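Below is one structure, written out as structure tokens; the observations come after it.
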Amino acid sequence: MKKYPTFFLLPAQGVGGGEVWAGEAVGKKLLAELIARVPKLDDDLVVVDLHGVEMVTASAFRASLRGLREYIGGTFHKPTIFVNAAPETIEEAEFVAAKYGDVYLFGEYGDGGIRCTKLVGDIDQTLADTLDLLALQDECDAKALFELRKTPGVTAWHNRLTDLAGKGLVTVRSEGRSRRYRSLLKEIRHGDRVHPVAL
């Protein structure tokens, strides 16, 4: 039976920052409030719903949402997706991504489903190609990707998948000694490229 990724929905509306989150001090305060709302995670990923937040400035994003993503990734080894963000917030996130070499997933959430609309930040061509190939699979490991291409080697595919997981672009599931990877969303747009993903 196909197992779809499960997610924990974390609403940002009502957190003490009001409708506009601005400044590092506000961001740090909001980070503590957001972390307090995250339970022990059994889900595959965290979806932060920014509905009702009109704007998050770059300094507030860095201190709060970037910090939250690092906390979730470091503590639970799970990816984070930001949904229903205002265009101004996404523009501010682009500044943060460029400064720190980060990648962030933004999308839309509604009716219980998630659709990615933007990948903010840069990934190199090798990782982009790996993401494209993985997107065509339901769930697979490095050996399966090697068998599809017969090059460059299982270890290289494992390293690429590990890099994608570290950037929060795929979910990871252990199956015995193997790690199986799955793309997160229906569609990831990166510049002019579109990565279709079966969720």
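The values are calculated or read from the model by the stated rules, or taken from the named source; none is laboratory data. Just so it is clear, the structure is predicted and the values come from calculations on it, not from any experiment. Glycine also receives a Cβ, built like all others from the backbone with ideal geometry; neighbour counts cover every protein chain displayed. Only protein heavy atoms, including side chains, enter the accessible area calculation; ligands, DNA and RNA are left aside. Shrake-Rupley method; radii C 1.70, N 1.55, O 1.52, S 1.80 Å.
The smallest convex shape that holds all Cα atoms of the chain, its convex hull, gives 119 Å³ per residue. In the chain, the calculated helix contribution to ellipticity at 222 nm averages -11000 deg cm²/dmol per residue, counting -39,500 (n - 2.57) for every DSSP H run with n ≥ 4. When the Cα positions of 48, 23, 128 are compared along the charge dipole of the chain, 128 comes out farthest toward the positive end, with charges on each C-beta of Lys, Arg, Asp and Glu. Overall, the chain carries a charge dipole of about 760 debye about its Cα centre when +1 sits on the Cβ of Lys and Arg and -1 on the Cβ of Asp and Glu, all other atoms neutral. A dipole drawn for the chain from +1 and -1 charges on Cβ atoms has a positive end, and of 168, 142, 74 the residue lying farthest that way is 142.
Using a/c under 1.5 as the rounded threshold, could you call segment 39-114 rounded, prolate or oblate? The axes a ≥ b ≥ c are square roots of the C-alpha gyration tensor eigenvalues, and prolate needs a/b larger than b/c, oblate otherwise.
oblate
At a probe radius of 1.4 angstrom, the accessible area of the chain per residue rounds to 49 square angstrom. The overall shape of segment 125-178 is rounded: from the C-alpha gyration tensor, with semi-axes ordered a ≥ b ≥ c, the ratio a/c is less than 1.5.
Each of 9, 158, 116 was placed along the dipole of the chain (beta-carbon charges, centred on the mean Cα), and the one lying farthest toward the positive end is 158. In this structure, residue 70 and residue 24 have a Cβ-Cβ separation that, at R0 = 22 Å, corresponds to a calculated FRET efficiency of about 0.90.
Using a 1.4 angstrom probe on the protein heavy atoms only, could you order 77, 51 from most to least accessible area? Can you show the working numbers first?
Working: 77 150, 51 110 Å².
Result of the area sort, largest leading: 77, 51.
Working out 0.36 nm times the residue gap between residue 51 and residue 108, then minus their Cα-Cα distance, what length gain in nm do you get to one decimal?
Taking 0.36 nm per residue and subtracting the Cα distance, the gain is 19.6 nm.
Rounded to 0.05, the FRET efficiency of the residue 126 and residue 95 pair, given R0 = 25 Å and the Cβ-Cβ distance, is 0.50. Solvent-accessible area of the chain (1.4 angstrom probe, protein heavy atoms only): carbon and sulfur portion equals 51 percent.
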